[in-house]
Amino acid sequence: MEKQLKYKRILLKLSGEALAGEKKMGLDIPTITEICKSIKKCSDAGAQIGIVVGGGNYWRGRSSDTMDRVRADHIGMLATAMNALAVADVLEGLGCEVRVQTAIDMKQIAEPYIRQKTLRHFEKGRIVIFGCGTGSPFFSTDSAAALRAAEINADILLKATMVDGIYDKDPHKYADAVKYETLSHHEILVHSLKVMDSAAAAMCSDNKTPILVFDLSRPDNIYDAVMGEKVGTVVS
Ligand code: GTP
């Protein structure tokens, strides 16, 4: 029997670091290609896919002590736009139809973000990549993912990370860290579990957006998650 989609419309959050592979900086096209192959499988299965990309492979605004925070965030937003274009290029190379929409106008390079256009692109089977975060400083790209997920009525926000779910403490530091299978939004906020920053977590909670946190070191987890296989931790 053919597998059925568990989630029809998804918002996938990819960190900038995930695009850098072992290099940790810049773009690693073979790594991006593996991620994009999994995304294409979801699209071929009928999922409507929006992607928010981070920018940490180029720039970490908060690591700069001397720079004005607003300016640092502007540079970070431009970094996410570069990543959006790179992911779009790889997806197109695999045969997907893709549109890049940015929260800050750069019309010569990408479409401006217009929700109605996004929804139309979905109807036509196109993948939409959102660049420039929320378009405002002081917000993370996790907040952008939470915002876009709410705007497009995503069935789930898939947060790709380097850990295979949510733990009670850092599993890289503590051998006895325990993984949660499921959690409520309330538990995330009350226990200050480091899933996303508090603004993003609060937005998901307010809008009742389910979140699935999973490990991207196996890129096919994206496809498995969308098909409802047991990966990561679900927050609902
Ligand atoms: P439909 O009208 O649903 O068929 O969508 P479409 O995206 O194919 O049509 P549209 O005429 O809006 O866009 C045609 C091409 O131009 C697509 O590759 C878009 O991504 C691109 N495009 C549309 N608007 C802009 C823009 O403001 N800036 C840039 N750089 N490209 C744009």
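The values are calculated or read from the model by the stated rules, or taken from the named source; none is laboratory data. In this text, all values refer to a predicted model and were calculated from it rather than measured experimentally. Cβ placement follows ideal geometry from the backbone for every residue including glycine, while neighbour counts extend to all protein chains displayed. Surface accessibility is based on the protein's heavy atoms, side chains included, excluding ligands, DNA and RNA. Shrake-Rupley method; radii C 1.70, N 1.55, O 1.52, S 1.80 Å.
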Roughly what % antiparallel, to the nearest 5, for the DSSP beta bridges in the stretch 1-160?
0 percent
Classify the stretch 73-143 as rounded, prolate or oblate, taking a ≥ b ≥ c as the square roots of the eigenvalues of its Cα gyration tensor: rounded when a/c is under 1.5, otherwise prolate if a/b is larger than b/c and oblate if not.
prolate
Leaving ligands, DNA and RNA out of it, work out the accessible area of Y113 with a 1.4 Å probe and give it in Å² to the nearest 10.
50 Å²
For the pair A45/V190, report the inter-label distance in nm, with labels modelled 7 Å from Cα in the Cβ direction.
3.3 nm
With a 1.4 Å probe and all protein chains kept in place, how much accessible area does M106 have, in Å² rounded to the nearest 10?
40 Å²
Show me the three semi-axes of the equivalent ellipsoid for the stretch 9-235, from the C-alpha gyration tensor (sqrt of 5 times each eigenvalue), largest first, rounded to whole Å.
24, 21, 18
Relative contact order as a percentage, the stretch 145-236, C-alpha pairs under 8 Å and 6+ apart, gives 40 percent
Order of 114-123, 38-47 by packing, highest average Cβ count within 10 Å first?
38-47, 114-123
Please report the relative contact order for the chain, taking Cα pairs under 8 Å with a sequence separation of at least 6, and give it as a percent rounded to a whole number.
23 percent
Give me the dipole magnitude in Debye, nearest 20, for the stretch 9-235 about the Cα centre, with unit charges on the beta carbon: positive for Lys and Arg, negative for Asp and Glu.
440 debye
When the accessible area of the chain is split by element with a 1.4 Å probe, what percent falls to carbon and sulfur?
51 percent
How big is the dipole moment of the stretch 91-216 about its Cα centre under a simple scheme where the beta carbon of each Lys and Arg is +1, that of each Asp and Glu is -1, and everything else is neutral? Debye, nearest 20, please.
440 debye
Candidates L183, L14, L147; GNM for the chain (alpha-carbon contacts under 10 Å) flags as most fluctuating L183
Counting only heavy atoms of protein chains, what accessible area per residue, in Å², does the chain have with a probe of 1.4 Å?
49 Å²
Two-site label geometry, A199 and K6: point separation in nm, points 7 Å out along Cα→Cβ:
3.0 nm
